[in-house]
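Q: Supplied in structure tokens, the structure appears directly below.
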Amino acid sequence: MLHDFDSIPSPAFILEEEKLIKNLELLSYVMQKADCSIILALKGYALWKSFPRIRTYLQGATASSLNEVRLCNEYMGSKAHTYAPAYAPHQIKEIAEQSSHISFNSLIQYELYKNICNSHNVQMALRVNPGYSDIATEMYNPCSPDSRLGIPAKELHKIPDGITGLHFHALCESNSYSLEKVLQSFEKNFGHLLSQISWINMGGGHLITHKDYNVEHLISLLKSFKLKHNVDIILEPGGAVVWQTGVLKAQVLDIVSYGSTATAILDVSFAAHMPDTLEMPYRPTVTGAEQEYKEGLFAYRLGGQTCLAGDFLDPYYFSSKLHPGDTIIFEDMMHYTMVKTTMFNGVHHPSIYILHTNGTKECVRDFTYLDYKNRMG
Ligand SMILES: Cc1ncc(COP(=O)(O)O)c(C=O)c1O
């Protein structure tokens, strides 16, 4: 069933459950064919009201903080696979109680916390730097030679007693051919240690649900790796789980023409609601608008509602003039949006809706003045 978003007030994040299920079915197929586990990275997507659906397909979630660990236990119904660059002493007990797997970013942290993890039967791993990543944006490259994330090969001479796994994360919206290159580097750097472990977490960034992803190639890669090294494999994508499963609905509030191009000022903010559009930077698709000028189209910069000068996107091109009240739909807005939003400038936070498979719409969250105020007192 195809939904239209007319009956949902702007601004709103809208999850389309039917599309989510399609993604989950594909991930489930990969798990079954490659005999691996796939878990959801909560840092990318944590809309827990949709977890009842997700947990029927995936095998849990990966957490990167105590809050995510709690959310996983509460709503995914399973202990978390946990990795953080460092764990705070006052949080480790609760993290160990509620995690099935914990990865450490340093041998020091492992030594510090191994006893408490052992006492809770936690499977422990070291996060390593596989030594290769083809992520072009430095901000998102965890594998640069100076990266603080993952022990480099030259620092790890043997697997300490008690460590049963290795963990790496080297991809970002990548295909299986990038993974293949990461695995070659990982084997080159850590291959001699693999007989001492029983599981490998290959992190996230596998964009398995992208239409051009070669799923069969991934399956054959994982199968042969597993056969060769006799290890269980875990993948922990975030973005891929909810890739192309929902939108951010916005509305034009005003049009100003102070510069060379008119700006449509919206009831949402790039800085506060879609920070990746400024940070990555990443150009979202806007339904019905072109990214490049073509004759006859009308150009508008899209302006956010905060007072930050840079809270705007470069022009999009529309087939007719925009007016206050017009709807703007930003596509593919489920991952790294709701988990990253702020209430900067006190701007109204978009509400959150789920469009269910039976056609009903559910407002799972509406934000008020109290949400803004209570963050600070
Ligand atoms: C350790 C780790 N695992 C998984 C992920 C999820 O990555 P993605 O959402 O790109 O699949 C990330 C993202 O930064 C990460 O740092």
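The values are calculated or read from the model by the stated rules, or taken from the named source; none is laboratory data. No experiment lies behind these values; they were computed from the predicted model shown. Here the Cβ is made from the backbone with ideal geometry for all residues, glycine too, and neighbour counts use every protein chain on show.
Every residue, every condition in (1) of a type in the set (Lys, Arg); (2) within 14 Å of the ligand (Cβ to nearest atom), yes or no:
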position: Pro11; (1), (2): no, no
position: Lys22; (1), (2): yes, no
position: Leu42; (1), (2): no, yes
position: Arg53; (1), (2): yes, no
position: Ala61; (1), (2): no, yes
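Q: Do you know which of the residues in segment 172-207 that are touching a strand residue (DSSP E or B) at 6+ places or on another chain (Cβ under 8 Å) and farther than 21 Å from Leu227 by Cα is nearest to the ligand (Cβ to nearest atom)?
A: Here the residue is Gly204.
Q: Out of all the residues in segment 354-377, which are under 28 Å from Asn23 (Cα atoms) and basic (Lys, Arg)?
A: Lys361, Arg365
Q: Across segment 200-256, what is the total count of residues that are within 15 Å of the chain's Cα centre (by Cα) and aromatic (Phe, Trp, Tyr)?
A: 1
Q: Now, a different point. What are the residue pairs meeting all of these: first residue in segment 129-149, first residue among the acidic types (Asp, Glu), second residue surrounded by 15 or more Cβ atoms within 10 Å (Cβ to Cβ), Cβ atoms under 8 Å, and 6 or more apart or on different chains?
A: Asp134/Ser174; Asp134/Ser178; Asp134/Lys181
Q: OK, next. When you go through Asp161, Asp146 one by one, which is the residue that is of a type in the set (Asp, Glu) and within 20 Å of Asp232 (Cβ to Cβ)?
A: Every option except Asp161 fails the conditions.
Q: Do we find a residue being assigned by TED's automatic domain parsing to the domain that holds Gly150, in a loop (DSSP other than H, G, I, E, B), touching a residue at least 60 places away in the same chain (Cβ under 8 Å) and surrounded by fewer than 19 Cβ atoms within 10 Å (Cβ to Cβ) anywhere in segment 80-90?
A: yes
Q: Among the residues of segment 67-83, how many are under 12 Å from Ile95 (Cα atoms) and within 16 Å of the ligand (Cβ to nearest atom)?
A: 9
Q: OK, next. Which pairs have Cβ atoms under 6 Å, sit 6 or more apart or on different chains, and link a residue in segment 164-178 that is in the same structural domain as Pro237 (by TED's automatic domain parsing) and farther than 14 Å from Trp243 by Cβ to one that is of a type in the set (D, E, K, R) and more than 7 Å from the ligand (Cβ to nearest atom)?
A: Note: pairs meeting the criteria are His167/Arg127; Ser178/Asp134.
Q: Any idea how many residues of segment 34-77 are assigned to a helix (DSSP H, G or I), of a type in the set (A, V, I, L, M, F, W, C) and either without any contact (Cβ under 8 Å) to a residue 60 or more places away in the chain or more than 30 Å from Lys223 (Cβ to Cβ) (or both)?
A: 7
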